[in-house]
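Colleague: The structure's right below; bear with me while I get my questions together.
The values are calculated or read from the model by the stated rules, or taken from the named source; none is laboratory data. Owing to the predicted nature of the structure, the values given are computational and were not obtained by experimental measurement. When we count neighbours, we look across all protein chains shown, and the Cβ atoms used for this are built from the backbone with ideal geometry, even at glycine. Each accessible area value is taken on the protein alone, full model and side chains, heavy atoms only, with ligands, DNA and RNA left out. Shrake-Rupley method; radii C 1.70, N 1.55, O 1.52, S 1.80 Å.
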Amino acid sequence: MTAAAAFSSDLVVLTPDGRTPLLVVDELPESSQAAVRALLDQGESPNTVRSYRSGLRYWAAWFSVRYGLRLALPLPVPVVLQFIVDHAERLDEAGRLVHGLPPAVDAALVAAGHKAAPGAPALATLVHRVSVLSKLHQLQGLDNPCEDGRVRELMARMRRGYARRGAQQVNAKPALTREPLEALLATCDASLVGRRDRALLLFAFASGGRRRSEVTAATLDNTRAQAGGWVYQMGVSKSNQAGRARADSHKPIVGRAAEALQAWLDAWALAAAAAGQPAPGGAIFRRIGKSGVPGAALSAQSVRLIVQARCALAGLGAGFSAHSLRSGFVTEAAAQNIPMAETMALTGHRSPASVLGYFRKGEVLGMRGAALLDGGGDSGGKKDK
């Protein structure tokens, strides 16, 4: 089969024995490997690199099973259109939701571990995978099929179709606002682990909703005690990949958060002294082994597991994540009428558009216009009699 024929084929390429090939892509094509190396060299965060690597692996697997060929760039526009048609849901003539991925291809991708279950992915997953392919072409300096007018129009109308069915592309993770956060803090006892987790949760939330990588980057060199609390001087972050000194790089830790941080460090110092180990230094948040003494620094994955474990203890369910601390801070700030500019100075967001959605969610129940029948819209003027 020629490449051109494969691109126009709607059939699954079968092996000589008549079975659909279950291709596990152990290695990315060289062009994709080069793109991943470029992403690493440009200082992308580990999470971003992992998401791109996962997206590229899926493209390679889908292309191999769909066309029986190894992924090669640049991809023709018809292939990208086929990818979207395969993975996007649409209504058929009977009003049922369907997608274009052939059952044999779907089963092959599931069997090879590239899909968790048969069926269409979430809208956000599909959009991300198309974005990954677009980024890959950009990095290689190739003609980008994702910028073709036909692809852009199909993506735009596909999103509209999802929106009209009520399937919006939103972050489904709930926010850890004040009330659920208090429930988490209530699970933290006076043990070493309890003091560490309480300090971590309050540090992450109160300093502006820190990301996991930002929490693990906190050390006793960049986090200093000052009159009235502590100040964490951030370096590299998602919005400051070069780690440049900025006016908003200093994040305050005050009140309960400062007290919890000091209590954790005091408990660490006592445990270290009892074990004949050095006083606290370096990374602030540490693993606590069987010896009961803080050891290696926590990883970003550990922060996620701590949040999830505390949520389970508090009976909050499995929907929360470490990022819920960040979204919770922004949502709570809006609910308590903190100016958006001050909130952004704490979170480090560079664009108001990134926080506006959280603000609207936090403010919605406090909108005066919604309480006109209850006098909520009265501003002190004359009332009707």
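Colleague: Of the GluC sites (Glu not before Pro) in the stretch 91-167, which ones lie in a loop per DSSP and count no more than 12 other C-beta atoms within 10 Å?
Modeller: Of the GluC sites (Glu not before Pro), the ones in loops of the stretch 91-167 whose Cβ has at most 12 other Cβ atoms within 10 Å are Glu93.
Colleague: Next up: With a 1.4 Å probe and all protein chains left in place, how much of the accessible area of the stretch 130-239 comes from carbon and sulfur atoms, in whole percent? Write out the running numbers ahead of the final one.
Modeller: Working: 2560 of 5540 Å².
The computed percentage sits at 46.
Colleague: I'd like the accessible area for Val98: 1.4 Å probe, protein heavy atoms, all chains in place, Å² to the nearest 10.
Modeller: 50 Å²
Colleague: Still on this structure, I have one more. Between Arg164 and Glu30, what is the label-point separation in nm under the 7 Å Cα-to-beta-carbon projection?
Modeller: Placing both labels 7 Å along Cα→Cβ, they lie 4.7 nm apart.
Colleague: Compare Ile288, Ile84 by solvent-accessible area with a 1.4 Å probe and give them largest first, with all protein chains kept in place.
Modeller: Numbers: Ile288 40, Ile84 5 Å².
Highest to lowest solvent-accessible surface, that is Ile288, Ile84.
Colleague: Please report Rg over Rh for the stretch 257-318, where both radii come from the alpha carbon positions and Rh follows the Kirkwood definition.
Modeller: Ratio of gyration radius to Kirkwood radius for the stretch 257-318: 1.03.
Colleague: To the nearest 10 square angstrom, how much accessible area does Thr343 have with a 1.4 angstrom probe?
Modeller: Counting only protein heavy atoms, Thr343 exposes about 0 Å² to solvent.
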